[in-house]
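A quick write-up on the structure given underneath.
The values are calculated or read from the model by the stated rules, or taken from the named source; none is laboratory data. Just so we're clear, the structure is a prediction, and the values are computed from it rather than from any experiment. Here the Cβ positions follow ideal geometry from the backbone for every residue, glycine too, while neighbour counts run over all protein chains shown.
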Amino acid sequence: MAQPIPFSRNTGAARARHDKAMLLPIARKIADDLALRVHLALDALRRGAGGTSDAQTLTQVMLLTGFLAESGFGSMNSAQLGAAERAVSAVFDIGRETGEWKLDSTGFALFSEIATNYDRQLHSAPLWAITDASERLDRFTAGVSYQAPVRKRA
């Protein structure tokens, strides 16, 4: 007869494991896979072989990097964010008009820095910060308030 799988009845232990996991960085393989997607999109747009999804990837990474920097992980100032926003906006405008999805050399240099920063953030920021940034991106995409909620401090 098959034995039932013993589930822990102590939800406090499960909660403690979850809380501890939220304080650790994400697994290296997952971080590497996420970063690779960004670097591939960046390369495709550098070569002029990109498309809408590559430009969207860079836009999302730009926002995620900014959100993580606001949480204290990595750095990105408002001037960088504004320049990146203008560069990717130009990619969308030109791509829609001409069908050529390409970053100019200035935009490529700027997004190379952002991709490198994102890489570092993925390998060092705790899971709670990455989850929070991702949820903020989802709210931004949905068109609702994406500002970080004000947290009470003890």
- Task: Return the total of residues in the range 89-98 being aliphatic (A, V, I, L, M) and surrounded by fewer than 21 Cβ atoms within 10 Å (Cβ to Cβ).
- Result: 2
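Inspect all residues belonging to the range 107-120 and state whether any of them is small (G, A, S), closer than 19 Å to A49 by Cβ and not in a helix (DSSP H, G or I). First the steps, then the outcome.
Initially, the range 107-120 is screened for residues small (G, A, S), giving 107, 109, 112, 115.
Filter once more, keeping what is closer than 19 Å to A49 by Cβ: 107, 109, 112, 115.
Keeping just the survivors that are not in a helix (DSSP H, G or I) gives none.
Scanning the range 107-120, I find no residue that is small (G, A, S), closer than 19 Å to A49 by Cβ and not in a helix (DSSP H, G or I), so the answer is no.
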- Message: Tell me the residue from A35, A31 that is at pLDDT 95 or above, surrounded by 12 or more Cβ atoms within 10 Å (Cβ to Cβ) and in contact with a His (Cβ under 6 Å, 6 or more places away or on another chain), please.
- Response: A31
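Could you look through the range 24-64, keep only residues that are of a type in the set (G, A, S) and outside any helix (DSSP H, G or I), and pick out the one that is nearest to H123 (Cα to Cα)?
A27
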- Message: With the structure loaded, tell me whether A84 is under 21 Å from L34 (Cα atoms), touching a His at 6+ places or on another chain (Cβ under 9 Å) and in a helix (DSSP H, G or I) or whether it fails that test.
- Response: no
- Query: From the list T52, T59, which one is over 16 Å from A129 (Cα atoms), more than 13 Å from the chain's Cα centre (by Cα) and at pLDDT 95 or above?
  - Reply: T52
- Message: Please go through the range 65-81 and give me each residue that is touching a residue at least 12 places away in the same chain (Cβ under 8 Å), part of a helix (DSSP H, G or I) and either within 25 Å of W101 (Cα to Cα) or hydroxyl-bearing (S, T, Y) (or both), ordered by number.
- Response: T65, G66, Q80, L81
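Is the range 40-49 home to any residue that is of a type in the set (A, V, I, L, M), in contact with a His (Cβ under 7 Å, 6 or more places away or on another chain) and at pLDDT 95 or above? Show your work before the answer.
From the range 40-49, those of a type in the set (A, V, I, L, M) are 40-42, 44-45, 49; that's our starting set.
Among the residues that remain, those that are also in contact with a His (Cβ under 7 Å, 6 or more places away or on another chain) are: none.
No, the conditions are met nowhere in the range 40-49.
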- Query: Consider W101 against the criteria (1) surrounded by fewer than 20 Cβ atoms within 10 Å (Cβ to Cβ); (2) more than 17 Å from L137 (Cβ to Cβ); (3) not aliphatic (A, V, I, L, M): it satisfies all of them except one. Which criterion is unmet?
  - Reply: (1)
- Using beta carbons and a limit of 9 Å, which pairs, at least six apart or on different chains, have the first residue in the range 93-106 and within 15 Å of T59 (Cα to Cα) and part of a helix (DSSP H, G or I) and the second one charged (D, E, K, R) and at pLDDT 95 or above? G95/K102
- Task: For A90, work out the one condition from (1) hydrophobic (A, V, I, L, M, F, W, C); (2) out of contact with any Phe, Trp or Tyr (no Cβ under 7 Å at 6 or more places or on another chain); (3) part of a loop (DSSP other than H, G, I, E, B) it doesn't fulfil.
- Result: (3)
